[in-house]
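Notes for the one structure printed next.
The values are calculated or read from the model by the stated rules, or taken from the named source; none is laboratory data. Keep in mind that what you see is a predicted model, and the values were worked out from it rather than measured. All Cβ positions, glycine included, derive from the backbone under ideal geometry; neighbour counts span all protein chains shown.
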Amino acid sequence: MIRQKIVAGNWKMNGSTESITALVTDLLKAGHSNSEVVVSPSFPYLHLVSTLCAQSDLIKLAAQNVSDKESGAFTGEVSASMLEDFGVKYVLVGHSERRSLYGETDDLVALKIQSLLNKDFTPMFCIGETLEEREAGQTLAVCERQIQAVLSLLGVEAFNRIVIAYEPVWAIGTGLSATSEQAQEVHCGIRAFIAKSSDLVAQRVQILYGGSVKASTSRALFAMPDIDGALVGGASLDAKEFLEIVKAAG
Ligand code: PGA
């Protein structure tokens, strides 16, 4: 099964009107890629990036979070229907920073995915183990538990509309990327777990790797049969570096 590669930049809580305008302008100069190129600015900059990208089809927009609620008295939250006003295609959910710093549980993440699938968004569903969990040999068990919450609420067919991002927590922002073999082993395990519910869905679902991806490590990662792209944090703030990663994806 041929799965299109996705290279997504997670800008996290970084950037200003000036720096984001410069970054997007540089990214747009690169021209066509066979991979899907995605950037995810903070909410206040979605409109700016959507406007900058309006004339081309080169870059898709992602939001970094969404509420599980539709509307109402939820101060500080942003609903899926609000994101519809900004040309957003993807939304990150379950990022480890949301789980560890803001207490998001597997069940809440599943509800957020449900609110996105009720609209026309593609959730980028982040999963992954901590260093402690890896050392205890629980890597796959953790990923399976995180996926199971979504399977239980929404069923395996939901994964026809979800992109998974495997991001080992110990590799995020640490410079310690998983080796391509370590990542491949987990990606393969994740696909096998989904295949227990549906082989077809498992073959189709795109699984990105995230965690200190750099231009220098990306080619080996993308050569692996179950790695369908990357979710890139730090390196996505540098246009040259990010475009090298896009190039490596082919
Ligand atoms: P990093 O972040 O590339 O800076 O490790 C990845 C992520 O958090 O998505």
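Here is a yes/no grid of residues against (1) modelled with pLDDT of 95 or more; (2) touching an Asp or Glu at 6+ places or on another chain (Cβ under 7 Å); (3) buried (at least 16 other Cβ atoms within 10 Å of the Cβ); (4) closer than 22 Å to residue 247 by Cα:
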site	(1), (2), (3), (4)
8	yes, no, yes, yes
15	yes, no, yes, no
19	yes, no, no, no
33	no, no, yes, yes
41	yes, no, yes, yes
44	yes, no, no, no
49	yes, no, yes, yes
59	yes, no, yes, yes
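Screening segment 92-129 for residues that are within 12 Å of the ligand (Cβ to nearest atom) and part of a loop (DSSP other than H, G, I, E, B) and picking the one that is farthest from the chain's Cα centre (by Cα) gives 128.
Restricting segment 94-149 to residues that are more than 19 Å from residue 185 (Cα to Cα) and among the small types (Gly, Ala, Ser), the residue that is surrounded by the fewest Cβ atoms within 10 Å (Cβ to Cβ) is 103. Among residues of segment 71-91 being surrounded by 12 or more Cβ atoms within 10 Å (Cβ to Cβ) and more than 21 Å from residue 36 (Cα to Cα), the one that is nearest to the ligand (Cβ to nearest atom) is 78.
Residue-wise test of (1) within 11 Å of the ligand (Cβ to nearest atom); (2) part of a helix (DSSP H, G or I); (3) among the hydrophobic types (A, V, I, L, M, F, W, C).
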{"site": "145", "(1), (2), (3)": "no, yes, no"}
{"site": "165", "(1), (2), (3)": "yes, no, yes"}
{"site": "173", "(1), (2), (3)": "yes, no, no"}
{"site": "181", "(1), (2), (3)": "no, yes, no"}
{"site": "226", "(1), (2), (3)": "no, no, no"}
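Does residue 171 satisfy the criteria of being buried (at least 17 other Cβ atoms within 10 Å of the Cβ), in contact (Cβ under 8 Å) with a residue 24 or more places away in the chain, among the aliphatic types (A, V, I, L, M) and over 22 Å from residue 4 (Cβ atoms)? Taking the combined requirement at face value, the residue satisfies it. Any residue that is in contact with a His (Cβ under 6 Å, 6 or more places away or on another chain), touching a residue at least 24 places away in the same chain (Cβ under 8 Å) and either on the phi < 0 side of the Ramachandran plot or not aliphatic (A, V, I, L, M) (or both) - is there at least one of those in segment 109-127? The answer is yes, given that some residue of segment 109-127 is in contact with a His (Cβ under 6 Å, 6 or more places away or on another chain), touching a residue at least 24 places away in the same chain (Cβ under 8 Å) and either on the phi < 0 side of the Ramachandran plot or not aliphatic (A, V, I, L, M) (or both).
Looking only at segment 183-201, which residues are under 18 Å from residue 233 (Cα atoms) and more than 15 Å from the ligand (Cβ to nearest atom)?
Hits for segment 183-201: nothing passes.
A single entry from 50, 35 fulfils the requirement of being in contact with a Leu (Cβ under 6 Å, 6 or more places away or on another chain), away from the ligand (no atom under 16 Å from the Cβ), within 23 Å of residue 123 (Cβ to Cβ) and not aliphatic (A, V, I, L, M): 50.
Restricting segment 198-243 to residues that are farther than 30 Å from residue 22 by Cα and acidic (Asp, Glu) leaves a set whose member that is surrounded by the fewest Cβ atoms within 10 Å (Cβ to Cβ) is 199. Taken together, the residues in segment 236-250 that are within 14 Å of the ligand (Cβ to nearest atom), touching a residue at least 60 places away in the same chain (Cβ under 8 Å) and not aromatic (Phe, Trp, Tyr) amount to 3. Scanning segment 63-86 for residues that are in contact with a Leu (Cβ under 6 Å, 6 or more places away or on another chain) and either free of Cβ contacts under 8 Å to residues at least 40 places away in the same chain or within 17 Å of residue 233 (Cα to Cα) (or both) turns up 63, 64. Among the residues of segment 17-59, those identified as within 20 Å of residue 94 (Cα to Cα) and of a type outside the set (S, T, N, Q) are 38, 39, 41, 43, 46. Scanning segment 202-224 for residues that are more than 15 Å from the ligand (Cβ to nearest atom) and either of a type in the set (Val, Ile, Thr) or within 13 Å of the chain's Cα centre (by Cα) (or both) turns up 205, 206.
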